[in-house]
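Undergrad: Below is one structure. I have some questions about it.
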Amino acid sequence: MSTGSKKISPNDLETRLPFHVFDLPIQEIRRGYRSDVYFWREKLILERDHYNPLVTMQVFQKKRAILCGVDEAIAILRVGTGHYTDLKKAHELFDNLMTVKTNLRKTRYTDEGRFISLMEERLKVEHELDSIWVDEFDQLKITALRDGDEVTPYETVMHIEGPAASFAHLETVYLGVLARRTKIATNVRLCVEAAQGKPVLFFGARFDHFSVQGGDGYAASIGGAEAVSTDAGAEWWGTRGIGTIPHALIACYRGDTTLATHKFYDHIAKGTDIRVIALVDYHNDCVRTSLEVARKLKDILWAVRLDNSGTMVDRSLWDEMMQFDPRGVNVRLAEKVRGALDRENFSHVKIIVSGGFNAEKIASFEEQKAPVDIYAVGSFLLTGIYDFTADIVKVDGKRESKVGREYRPIRSR
């Protein structure tokens, strides 16, 4: 893990994720379309007043955290720092671009010829916008920590020095990226540390908008997650999503978990390196279902996954009521499944648990030495707030800031 800052040089940029990884809406970023309007207006005022002081922007947040989103923030600065040579024309072209994009969505599946024509028009408009954009990224001096660095409350994570009007409009976008990615990375790291070396899987995709999967998956990897559940979530770090079969497939096979799992092997896993993992809580009887699947698939079965609802008590625990909280996935249920598999010589079958897990619950399982091999965590990984703030702390080389937001040096390597 890196532990300090470094001024961003051309060589250093090569060690960070390249900007094309992030699929940034470049024209929208440059135009301030995705920025708080007051930041775009700040840029306009400075440009129209022909006043462009050299400023140092300081970025921080208020909690102990695992920093993430720095590379993406730099990519935003990379494509969005600059100005239009003809602002009126830029506004007209951008409005036209937005209209073209709307019409593209309308005609995608209704009028192929019109769609192709609109695509050509879109490329033409984007080219015209590019032709009146002056890239000024080379005028910035950026000093920043690295994705994955552990940061303390109020610690400076980035300094951006450059002409104020050139990047004033980008604050909303890069701060939002840092907030989102740091939240995911921090939550994942908490679970990874609680798991004491056991793999943690990021299963958060279903709890949020699909458009965030790529960045969330990358942030999960920075936090230490071993895998994610969607291919989009794995794209930025060059892998693919993993998973079991869903309850829906078991339902399609009329509740026959063994049959559904075997079909998964026949049509998906056979002849590949995809692992066969059975979801065994469909009938709320994990011990019985685990044994049924193991007896049928034998060495083909790699793991069983326990995913009981937090309002249910598994059938295998009915005779042990009142001795502990028997609801959902608990330590005793994992022990019962492990014991049953071992007694029938299925010790190779691993146990994955999911459903309501967070760092605290994982830590409790580990403290009780639960026979769990892998933890899959979902909605907890999207919780919490890690707001980032950016303040000007120097103007033309002299200290200038809001009270309480004075210049603070960034950690050196």
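Just so it is clear, none of the values below were taken in a lab; they were calculated from the coordinates. Small disclaimer: the values here were computed from a predicted structure and weren't measured. Here Cβ is always computed from backbone atoms with ideal geometry, including for glycine, and neighbour counts include all displayed protein chains.
Undergrad: Let me make sure I get this right: for region 133-241, a, b and c are the square roots of the gyration tensor eigenvalues over alpha carbons, sorted descending. Under 1.5 in a/c it's rounded, otherwise prolate if a/b > b/c, else oblate. Which is it?
TA: Since a/c reaches 1.5 and a/b is larger than b/c, the shape of region 133-241 is classed as prolate.
Undergrad: Then there's this: Once the Cβ-Cβ distance between D231 and Y33 is put in as r, and R0 is 30 Å, what FRET efficiency do you end up with, to the nearest 0.05?
TA: The pair D231/Y33 has a calculated efficiency of 0.60.
Undergrad: Next question, about the same structure. Only helical DSSP H runs with n ≥ 4 go in: add -39500 (n - 2.57) per run for the chain, normalise by residue count and round the 222 nm mean residue ellipticity to 500 deg cm²/dmol.
TA: Working: 15 runs with 166 residues, N = 413.
Computed mean residue ellipticity for the chain: -12000 deg cm²/dmol.
Undergrad: When only C-alpha pairs under 8 Å and at least 6 residues apart count, what is the relative contact order of the chain, in percent?
TA: Numbers: 786 pairs, mean separation 88.9, N = 413.
Normalised by residue count, the contact order of the chain is 22 percent.
Undergrad: Using 0.36 nm times the number of residues separating D208 and K141, minus their current alpha carbon distance, what extension gain do you get?
TA: Result for the pair: 20.6 nm of gain on full extension.
Undergrad: So how do T244, T15 line up by other beta-carbon neighbours within 10 Å, fewest first?
TA: So the ranking, lowest neighbour count to highest, is T15, T244.
Undergrad: Enumerate the lysines that K361 could reach by cross-link, defined here as Cα to Cα under 18 Å, with residues fewer than 8 away along the same chain left out.
TA: Qualifying lysines at Cα under 18 Å: K198, K369.
Undergrad: From the residues L249, A334, L381, which one has its Cα farthest along the dipole of the chain in the positive direction, the dipole being from +1 and -1 charges on Cβ of Lys/Arg and Asp/Glu about the Cα centre?
TA: A334
Undergrad: Hey, what angle do you get for helix 112-131 against the long axis of the chain, alpha-carbon based, 0 to 90 degrees rounded to 10?
TA: 50
Undergrad: What translational diffusion coefficient, to the nearest whole µm²/s, does region 18-59 have by Stokes-Einstein, given a Kirkwood radius computed over alpha-carbon pairs, a temperature of 4 °C and 1.567 mPa s viscosity? Mind showing how you got there, number by number?
TA: Numbers: Rh = 12.2 Å.
It diffuses with D of about 106 µm²/s by this estimate.
Undergrad: Let me ask something else. With a ≥ b ≥ c the root eigenvalues of the C-alpha gyration tensor of region 183-382, is it rounded (a/c under 1.5), prolate (a/b larger than b/c) or oblate?
TA: Verdict is oblate for region 183-382.
Undergrad: Within a 10 angstrom radius of the beta carbon, how do V353, V55, V157 rank from fewest other beta carbons to most?
TA: Least crowded to most crowded, the residues run V55, V157, V353.
Undergrad: Rounded, prolate or oblate: pick one for region 170-218, where a ≥ b ≥ c are the square roots of the eigenvalues of its C-alpha gyration tensor, a/c under 1.5 means rounded, and failing that, prolate if a/b is larger than b/c, else oblate. Working shown, then result.
TA: Working: a/c = 3.46, a/b = 1.68, b/c = 2.07.
Cα axes put region 170-218 in the oblate bin.
Undergrad: Find the Rg to Rh ratio for the chain, where Rh is the Kirkwood radius over alpha-carbon pairs and Rg uses the same atoms.
TA: 1.07
Undergrad: Would you work out which of I66, Y51, N284 lies farthest towards the positive end of the dipole of the chain? Charges go on Cβ: Lys and Arg +1, Asp and Glu -1.
TA: N284
Undergrad: If you don't mind, there's one more thing I want to ask. Subtract the Cα-Cα distance of M119 and T389 from 0.36 nm times their separation in residues, and report this length gain in nm to one decimal.
TA: Extending this stretch completely gives an extra 93.4 nm.
Undergrad: Now for a separate question. Using only the alpha carbons, work out the radius of gyration and Dmax of region 205-267 in angstrom.
TA: Spelled out, the Cα radius of gyration and Dmax of region 205-267 are 14.3, 40 Å.
Undergrad: If you don't mind, there's one more thing I want to ask. Arrange E360, E28 by Cβ neighbour counts within 10 Å, fewest through most, would you?
TA: Ordered by Cβ neighbours within 10 Å, fewest first: E360, E28.
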